[in-house]
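Novice: Sharing a structure here in structure tokens format.
Coordinate-derived values only; no laboratory data. Keep in mind that what you see is a predicted model, and the values were worked out from it rather than measured. Positions of Cβ are backbone-derived with ideal geometry, glycine not excepted, and every protein chain shown enters the neighbour counts.
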Amino acid sequence: MASALFQNFDENSVSWMLGPMYAIFLLLLLPSPLLTTRSTPDPSVTQDQGHHPSSRLQESPADGESCWSTYDLYFVLDSSRSVNDNWEFTQSFVRDLVHRFKNPKQRMSFITYSTHGRIHMKLTSNRKIINNALVELLNVRPSGAINMQHGLEKANEQIERTRAAGAKVPSLIIVLTGEQLLAESFAETQVEAAKSKQLGATLYFVGVQNYQLSQLLEIAGEEDHLFQVDSGYPGLEDIVDPLILSSCVQITSVDFSAICTRDRNEVKVFGKGFKNIQKDEVVCRFRLGKETARIEALSVQDTSITCPGPKLNNQHQAVFIDISLNNGLSFIKTDFDVSRRNCVTSWERTPPALLDAVSPAAQRHALPPAVLGDIRHVYLDEKSYSPVLSFKPLYWAVPLTVLPFLVLLCCCIGRRCTACTGDSAVPLLTPVVDHPAAHSINPAAIAPSPAARAHGARVPNLPS
């Protein structure tokens, strides 16, 4: 009876239960998106890269000039009673300028001055904080005397803290004023403006309505760092583009083809904002790991700076170039790798390409066959593009949810097997003996084996 029951169970139930178990097992083994691969970008590649050495990085939008500067930007705004009911134009002017500075890593600070100076927003690159601070500027109510020096003091304090932290970041200060300064305020403003320049800051002044031209010229020190708005506060919107065009300093590309072709050992840096920069104030800095080397520029033009190339013992080492326009007080960090390991040349003298611009697969797809044949001479960091397993917890939800039911299913199978076979599993393993007594309803009618008789077992009396 037990054998019959187990045979029935084996044929009908086991196959039904093993089906879901087999499906779950396959589910766990499938190469699903549980683990996906991605390419880890080269850490040396930043948003300033991504192009052939002579191409442009970012284009200005159709609605006006834009800037991808890395400067720390300070707005120092006149909020004295001279502004009167024109503060809304001031806030709109600042908002328009902020939206033209596109670099998401660029830090900004909003400062107002009247009788005293006040920092409305500390230096930050968080665009959400910046947008909220722009809205809060609308709540400013102009009042008090005009003391520009107190606004510059607040900017200088933040610059000093940045430098104390070890960061030589260039600073740009845009000062807006609408009234003539009193003698004492004028003298103190000159002192603070000189201090700003000593800290490596570049200052631009915007005079509107009742400003004193001679005062601003003396404070600025350069005529091209002064913008005049004689039409009143509504005319501020007309100088947004000219101010961006004049004040924006950014590096757009680096050409080191001369190093790649071994024609000359020099690097040419392209950008904007180099106009009227003195050559003796320009310093090229090369970073090799933790070491740096400073070299004076060979030449300076309106849109380019030529630096002597670095001399390296290890041609495989990454070399990054930075530029200073104020004799080393602060540097514009570019993260351009100008080492020979980024050179690709062909036997037909194909112009060199910047490999870090795109992934290796894209490079091989875009480069001509001649370049591909010579790509073995390029020293790429293989670790930069090695596949990395990315764990996605969401995709584990299904197997983890099914797992408890799988355990419960196994338990049910075990219990049903026990119910079908009795307390002992021996009948499942003991072969069936073809003996006439096996068909008797009396278990005692089964004759003992010869080994059992040797130990004194008796042969039962079988009924006739």
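Novice: Starting at the first residue of the stretch 249-258, write each ³J(HN,Hα) from the Karplus equation 6.51 cos²θ - 1.76 cosθ + 1.60 with θ = phi - 60°, in whole Hz, x for Gly and Pro.
Specialist: Per residue, the Karplus-derived 3J(HN,Hα) values read 10, 8, 9, 9, 6, 9, 10, 10, 5, 4 Hz.
Novice: Moving on. Compute the length gained on full extension between Asp230 and Lys105: take 0.36 nm times their separation in residues and subtract their Cα-Cα distance, giving the result in nm to one decimal.
Specialist: Working it through step by step, the gained length comes to 41.6 nm.
Novice: Something else about it: Based on the mean of other beta carbon atoms within 10 Å per residue, what is the order of 120-127, 406-413, 90-97, most packed first? Walk me through the numbers before you get to the answer.
Specialist: Numbers: 120-127: 15.2, 406-413: 12.4, 90-97: 20.0.
Packing proxy ranking, top to bottom: 90-97, 120-127, 406-413.
Novice: If you wrap a convex hull around the Cα atoms of the stretch 208-275, how much volume per residue is inside, in Å³?
Specialist: On the way: hull volume 6.2 nm³, N = 68.
So the per-residue hull volume is 91 Å³.
Novice: Let me ask something else. Find how much the distance from Leu182 to Glu281 grows on full extension, using 0.36 nm per residue of separation minus their present alpha carbon separation; answer in nm with one decimal. Walk me through the intermediate numbers first.
Specialist: Values: separation 99, 0.36 × 99 = 35.64 nm, distance 3.41 nm.
Going from the current span to full extension adds 32.2 nm.
Novice: How far apart, in nm, are two points set 7 Å out from the Cα along the Cα-to-Cβ line at Thr401 and at Thr261?
Specialist: Roughly 6.3 nm, to one decimal.
Novice: Quick one: Cα convex hull volume of the stretch 133-241, Å³ per residue? Before the final figure, lay out the partial values.
Specialist: On the way: hull volume 13.9 nm³, N = 109.
Spread over its residues, the Cα hull of the stretch 133-241 gives 128 Å³ apiece.
Novice: Quick one: 3J(HN,Hα) in Hz for the stretch 317-331, Karplus 6.51/-1.76/1.60 with θ = phi - 60°, rounded, Gly and Pro as x.
Specialist: Residue by residue, the stretch 317-331 yields 7, 6, 10, 10, 10, 10, 10, 10, 9, 10, 6, x, 5, 8, 10 Hz.
Novice: Here is a follow-up. Over 29 Å between Cα atoms: which of Lys122/Lys333; Lys105/Lys197; Lys128/Lys154 fall into that group? Can you show the working numbers first?
Specialist: Values: Lys122/Lys333 22 Å; Lys105/Lys197 23 Å; Lys128/Lys154 22 Å.
Result: no pair exceeds 29 Å.
Novice: Next up: Counting only the backbone N, which residues of the stretch 64-96 are under 18 Å from the spot 7 Å out from the Cα of Ser125 toward its beta-carbon?
Specialist: Once the point is set 7 Å along Cα→Cβ of Ser125, 67-75 turn out to lie under 18 Å by backbone N, inside the stretch 64-96.
Novice: Using the Karplus curve 6.51 cos²θ - 1.76 cosθ + 1.60 with θ = phi - 60°, work out ³J(HN,Hα) for each residue of the stretch 271-288 in order, rounded to whole Hz, and write x for Gly and Pro.
Specialist: For the stretch 271-288, the Karplus curve yields x, 9, x, 8, 5, 6, 7, 6, 4, 6, 9, 9, 10, 9, 10, 10, 10, 10 Hz.
Novice: Met121's amide H: which non-local residues (gap 5+, or another chain) put their own amide H closer than 5 Å, with H modeled 1.01 Å from N in plane and none for Pro or chain starts?
Specialist: Phe110
Novice: Considering only C-alpha atoms, what is the centroid distance from the stretch 142-206 to the stretch 78-97, in Å?
Specialist: Between the Cα centres of the stretch 142-206 and the stretch 78-97 lies a distance of 18 Å.
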